[in-house]
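The values are calculated or read from the model by the stated rules, or taken from the named source; none is laboratory data. What you see is a predicted model; the values in this text were computed from it and never measured. Ideal geometry is used to build each Cβ from the backbone, glycine not excepted, and the neighbour counts take in all protein chains shown.
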Amino acid sequence: MSVTIPAPRSQRIDPKYKRGPKSRGSFEMLAWLFMRLSGVALIVLIFGHLISNLIVGDGINAISFGFVAGKWADPIWQFWDLAMLWLAMLHGTNGVRTIINDYAEKHSTRAWLKGILYVATIFIVVLGTLVIFTFDPCVAGSTLPQC
Amino acid sequence: MSTELPEPPSKIELKAGVGGGGEIPTFNITLRVRRYLPETTAEAYWEDFKLTMYGTDRVLDALHKVKWDHDGSLSFRRSCAHGICGSDAMRINGRNRLACKTLLKDLDTSKPITVEAIKGLPLEKDLIVDMEPFFQSYREIMPFLISKGHEPTKERYQSVEDRERFDDTTKCILCAACTSSCPVFWTDGQYFGPAAIVNAHRFIFDSRDDAGDMRLEILNDKEGVWRCRTTFNCTEACPRGIQVTKAIAEVKQAILSRTV
């Protein structure tokens, strides 16, 4: 049994290793920077969220529909939760994006996985933002003081 | 003139068992080599060699023993055999090492010692890989002095502190142990790789060089420094003890402070 081997260096470099055209702009740098800054911001936001929800006052026993309604009546908490939603989603999406880049070997696999990722991210961010701003605590038969 | 010449007087009689190689302890090892012979088989396979080696022997000596006494078809690269030329980087017990700097006695000789080619580069035969993609990245970062203005009539002056700034990255011997230990490079070979970045670092932080900005721009690519995940595989693999991950982080910082 014999195998035909191409002459050494016949193609100089394996085409698999040929790098595509140089990327313009500094998207990867900004993504790298965003990961670090959003990470620091998320530590503050998430711990603030956990302390206010689970520890302060009655702690976890106070959590109910009314508790969430009360929190979102305050624009500060609205902003807090909005920032947490956006930063966590973009931070997580960027993390998964780099994982896809690192582990997917084919361009088409990468494109598909990242496409699904971006659609899921947009859906959740838009839905979450909508809920924070259009949340109406006064459902039918509500006994909340705001209504 | 057929009479036997007398022994030269300088020759010292060595008593058996004193001095010489006999005193060095010997031990038996199993060398498990990943063979790939494209002329005969399409697939790579493991082959075991049982060898008696000395306490002063390195993995390279074991490979020599196989090639010279057991199986001449075993192929591997080595030139100086003393850790300077960077030819014999290979995966020894799953870690990238120079075969000429790894003593057998430092490995677990009770188990087979596995030796395979470095990963992520096209395998040519046995322990030999095609280094061309590795050197292509190296060339892209322009690993040579680029200076503006007039040529000085004497040597280019550099203070001790300025020289110290990039001292660590001057030690690179281009063995590819770092780049071929990088999981990001394994995926698709598009990443510039630690070695190219280390050699860019060597000129970016050289006070005599004027093309630092160009090199930073090259490494600001999507396949440049930002693909580094700081897994420290490269730092662990470097046979010269270069703080590779630190050098990459310094290049990242330089790109950031240049643009922000």
Keeping to segment B:206-234, report how many residues are β-branched (Val, Ile, Thr) and touching a residue at least 40 places away in the same chain (Cβ under 8 Å). 2
Residue in segment B:158-168 that is farther than 27 Å from residue B:120 by Cα, away from chain A (no Cβ under 14 Å) and at pLDDT below 95 present: yes
Counting only helices (runs of 4 or more DSSP H) entirely within segment A:1-110, those with at least 2 residues that are within 14 Å of chain B (Cβ to nearest Cβ) are A:27-50, A:75-103
I want to confirm something. Restricting to segment B:186-222 and keeping residues that are of a type in the set (D, E, K, R) and closer than 20 Å to residue B:242 by Cβ, which single residue is farthest from the chain's Cα centre (by Cα)? B:209
Can you spot a residue in segment B:31-48 that is over 27 Å from residue B:122 (Cβ atoms), assigned to a strand (DSSP E or B) and of a type outside the set (Gly, Ala, Ser)? no
Is there a residue being under 25 Å from residue B:251 (Cα atoms), surrounded by 13 or more Cβ atoms within 10 Å (Cβ to Cβ) and not charged (D, E, K, R) anywhere in segment B:110-123? yes
Out of B:88, B:48, report the one residue that is surrounded by fewer than 15 Cβ atoms within 10 Å (Cβ to Cβ), at pLDDT 95 or above and in contact with a Lys or Arg (Cβ under 7 Å, 6 or more places away or on another chain). B:48
Regarding residue B:259, is this residue within 11 Å of chain A (Cβ to nearest Cβ) and over 30 Å from residue B:117 (Cβ atoms)? yes
So, residue A:64, is that one surrounded by 14 or more Cβ atoms within 10 Å (Cβ to Cβ), within 29 Å of residue A:129 (Cβ to Cβ) and of a type in the set (S, T, N, Q) or not? no
Expected single match for without any contact (Cβ under 8 Å) to a residue 24 or more places away in the chain and under 30 Å from residue A:107 (Cβ atoms) among B:188, B:167 is B:188
Within segment B:103-157, residues hydroxyl-bearing (Ser, Thr, Tyr) and within 14 Å of chain A (Cβ to nearest Cβ) come out as B:137, B:138
When every residue in segment B:188-241 that is buried (at least 24 other Cβ atoms within 10 Å of the Cβ) and among the β-branched types (Val, Ile, Thr) is compared, the one nearest to the other protein chains (Cβ to nearest Cβ) is B:225
Scan segment B:136-156 residue by residue and report those that are surrounded by fewer than 16 Cβ atoms within 10 Å (Cβ to Cβ) and assigned to a helix (DSSP H, G or I). B:139
